[in-house]
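Structure first, commentary second.
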Amino acid sequence: VYEVHEIVVQRVGHVPVAKGDFTHLSKKVQRFVAHCVQQFKPRGIYICDGSQEEADEIIHKLLERGTLTRLTKYKNNYLCRTDPEDVARVESKTFICTQNKYDTVPHVREGVQGTLGRWMSPENMKKELDARFPSCMAGRMMYVIPFSMGPVGSPLSKIGVQVTDSNYVLLCMRIMTRVSPKVWEVLGDGDFVKCIHSMGCPRPVQRRVKNHWPCNPEKVLITHFPEERKIKSFGSGYGGNSLLGKKCFALRIASVIARDEGWMAEHMLIMSITTPKKKEYFVAAAFPSACGKTNLAMLNPGVPGYKIQCVGDDIAWMRFDDSGVLRGINPEAGFFGVAPGTNMKTNPNAMLTFQENSIFTNVAETADGGYYWEGLEDEVPKGIGITTWLGQPWHIGHGGKSAHPNSRFTAPASQCPIIHPKWEDPKGVPVCAIIFGGRRPTGVPLVIEAKSWAHGVMIGACVKSEATAAAEHTGKNIMHDPMAMRPFMGYNFGHYLQHWLDLEKPGRKMPKIFHVNWFRVDENGKFLWPGFGENIRVLDWILRRCDGDDSIWQDSPIGLLPKKGTINMSGLSDVREEDLFSLPTHYWLDDTRESRRFLEDQVGSDTPAIITQLLDQQEAAFQKL
Ligand code: GDP
Ligand code: PGA
Ligand code: MN
Ligand code: MN
């Protein structure tokens, strides 16, 4: 028996619409899509609706092709191994284009290579783009993804439309952002952030495809046009380069919008802490990539009586409300977390979040269909066979690493057992403290409190950290990462500091600012602080300071430090408090001068005067000691 359907195929130019109804898109979206079709020459257009059926269809295709492997130990969990050359953000290929160079980068000292953002003129960038994008999707499907950063329809949320030729990217976008046809309704005829992504590997392919992961590492380019609210990303499928809602939109583009509109788009987690006295506080924390945001946001307290709930683990959009309270939302819908180091001891809440509906990228696999990475030694059957992220046989005790150090899980935030009931509240949550931090093996105490808002901005401007595997930097050298935003700044860093300073206005309840360091080591390179769940002890001190407890601090040249014995250390064996809090004068004299030099070199005349003055005062204070 045959059933005959009349199939009406829509076309845009000559290109068929494989799914969705092009005529239902707004005129602005139609123009954007048609322009992409004309330029990139895909074989078809697939207008996504974000449904489970859609995901199932794509997953099925990727399993057949071999891009994904089902992790049979769980429900709906998949492993993806990328081309081994496409595993991290590529900061050296990430640009911002504005007419005026100094809108994007500060006036660096003459002869100095700027490190705070990369600018290219729109004219020169056009040449780069013209050498990449024409026909870049030939032979491939172009997915059109409507997404909302923040709950769909909420007044703080922003809408983007991403086109991509990667269905892995589509699957991850569904987890990390809110993809839904409702976005089209909310958008109406309004403007949206234009997000263009291509793996840069049209058919017939020019380059040998490894792991069924077509990409183009030689030609990677991630570029932003803040004035046009447009992003173009080429050659890489790695999350930070390809899930354009995340770093590109929610940080680089949004930081520009935030400056214009008087709010903040920051590389910060937001978490709630309810103390044994049943009082709830929200704090935001900015650490560079792979320095502990996801772990802190989901902390499992090492001291009884505290309750932690997670609002977000990577990005915060915050603004002062009418009563002067800073309120923050998490614009994302999922977690894109560092896998290595995650286990039931360090981060059980993350582990419970990704038991289903999650994608694991560049982790290893156990013979019984589970994920594996460094840190799970005690949580897999003894002697089990393991396949590394590179597809090699391996076992625990074998040399080398089984998972890439920047391997990641992508999991829906809604599955987190401690997700805050208000995590999607459009009003946001009231933030009482902002915490900076980084990996500082020497010199930097466990916690410092800023003496004022401006002093806190200075501390943020001087954030440094050991390099990690989140981007292409190699080795463990200490890098400046001011406000943990160096790779994510959308505009001139000096203007950004001034924007922060200008946020302080009469009638506003400015959050207190702190700096923490979980990563100080002893003479043998061993961490002095147990970290993870025990970090609640530091949060507890911070919250007592937010409540105005004046009996627990002492002054120091770098800020307020806990008075001896005021951080709860009970039950911790061999914590060397002296070493955790010592302020070696020579170290700090050098560090203060080095930071000032950094600002003079890198931010130059755009550095707000107060920041330099505060560093001068700090140096003078150490000289007096
Ligand atoms: P994020 O990239 O900033 O979100 O950082 P993650 O929370 O994913 O952590 C990055 C790496 O640092 C992981 O391997 C963690 O296991 C490790 N880490 C996180 N918090 C701590 C801590 O308090 N102490 C130590 N020693 N390591 C930590
Ligand atoms: P992370 O997010 O901060 O959790 O590492 C990804 C990144 O910053 O590249
Ligand atoms: Mn991040
Ligand atoms: Mn993280």
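Some points to look at:
- Here the stretch 205-328 has 47 percent of its accessible surface on carbon and sulfur atoms, given a 1.4 Å probe and all protein chains in place.
- In degrees, nearest ten, helix 536-546 long axis to first principal axis of the chain (Cα): 70 degrees
- Solvent-accessible heavy-atom area per residue, rounded to whole Å², over the chain at 1.4 Å: 40 Å²
- Phi to ³J(HN,Hα) by Karplus 6.51 cos²θ - 1.76 cosθ + 1.60 over the stretch 334-350, Hz, x for Gly, Pro: x, 10, 10, x, 5, 6, x, x, 7, 7, 5, 8, 6, 8, x, 5, 5
- Tilt relative to the chain, helix 52-65 - C-alpha long axis, 0 to 90 degrees, to 10: 80 degrees
- Loop-resident sites, the stretch 495-531, for trypsin sites (Lys or Arg not before Pro), counting at most 11 other Cβ within 10 Å (DSSP): 526
- Considering only 209, 448, 33, and ranking their Cα positions along the charge dipole of the chain that arises from unit charges at the beta-carbon of Lys, Arg, Asp and Glu, the one farthest toward the positive end is 33.
- For the chain, share of DSSP beta bridges that run antiparallel, in % to the nearest 5: 65 percent
- Taking GluC sites (Glu not before Pro) across the stretch 520-614, the ones in a DSSP loop with at most 15 further Cβ atoms lying within 10 angstrom of their Cβ are 523.
- Percent carbon-and-sulfur accessible area, the stretch 406-480, ignoring ligands, DNA and RNA, probe 1.4 Å: 57 percent
- Each Lys and Arg contributes +1 and each Asp and Glu -1, all at the Cβ; summed about the Cα centre of the chain, the dipole is approximately 800 debye.
- Label-reachable residues, the stretch 414-442, where backbone N falls under 17 Å from a point 7 Å from residue 76's Cα toward its Cβ: 414-417
- Sequence-distant residues sharing a close amide H with residue 313 (under 5 Å, placed H): 270
- Semi-axis lengths, Å, the stretch 225-315, gyration tensor of Cα atoms, sqrt of 5 times eigenvalues: 32, 16, 8
- Once you divide the Cα radius of gyration of the stretch 511-601 by 2.2 N^0.38 Å, the number left is 1.20.
- DSSP beta bridges fully contained in the stretch 105-197 are about 65 percent antiparallel.
- For the chain, alpha-carbon Rg relative to the globular expectation (2.2 N^0.38 Å, N residues): 0.96
- The modelled label-to-label distance between residue 113 and residue 39, using points 7 Å beyond Cα along the C-beta direction, is 3.0 nm.
- The GluC sites (Glu not before Pro) found in the stretch 106-162 that occupy coil by DSSP, while having at most 15 further C-beta atoms within 10 Å, are 110.
- Maximal additional length on extending the residue 53-residue 569 stretch stands at 180.6 nm, based on 0.36 nm per residue less the C-alpha distance.
- Taking the convex hull of Cα positions in the stretch 302-438, its mean projected area over all directions (nm²): 10.4 nm²
- Taking Cα centre as origin and charging only the Cβ of basic (Lys, Arg, +1) and acidic (Asp, Glu, -1) residues, the dipole magnitude of the stretch 389-497 rounds to 160 debye.
- Solvent-free Debye scattering, log10 I(q)/I(0), computed from the Cα coordinates of the stretch 418-561 at q = 0.14 Å⁻¹: -0.81
- Think of each Lys and Arg Cβ as +1 and each Asp and Glu Cβ as -1; about the Cα centre, that makes the dipole of the stretch 259-344 roughly 460 debye.
- Placing 21, 555 in order of accessible area, with the largest value first and a 1.4 Å probe, yields 555, 21.
- Under 5 Å, built H, 5+ apart or other chain: amide partners of residue 95: 222, 223, 224
- Between 0 and 90°, nearest 10: helix 167-176 axis offset from the chain longest Cα axis: 40 degrees
The values are calculated or read from the model by the stated rules, or taken from the named source; none is laboratory data. Bear in mind that the values here come from a model prediction, so they are computed numbers and not experimental data. Because the Cβ atoms are built from the backbone with ideal geometry, glycine has one as well, and the counts that use them run over all protein chains shown. Note: accessible area is taken over every heavy atom of the protein model, side chains too, but ligands, DNA and RNA are not part of it. Shrake-Rupley method; radii C 1.70, N 1.55, O 1.52, S 1.80 Å.
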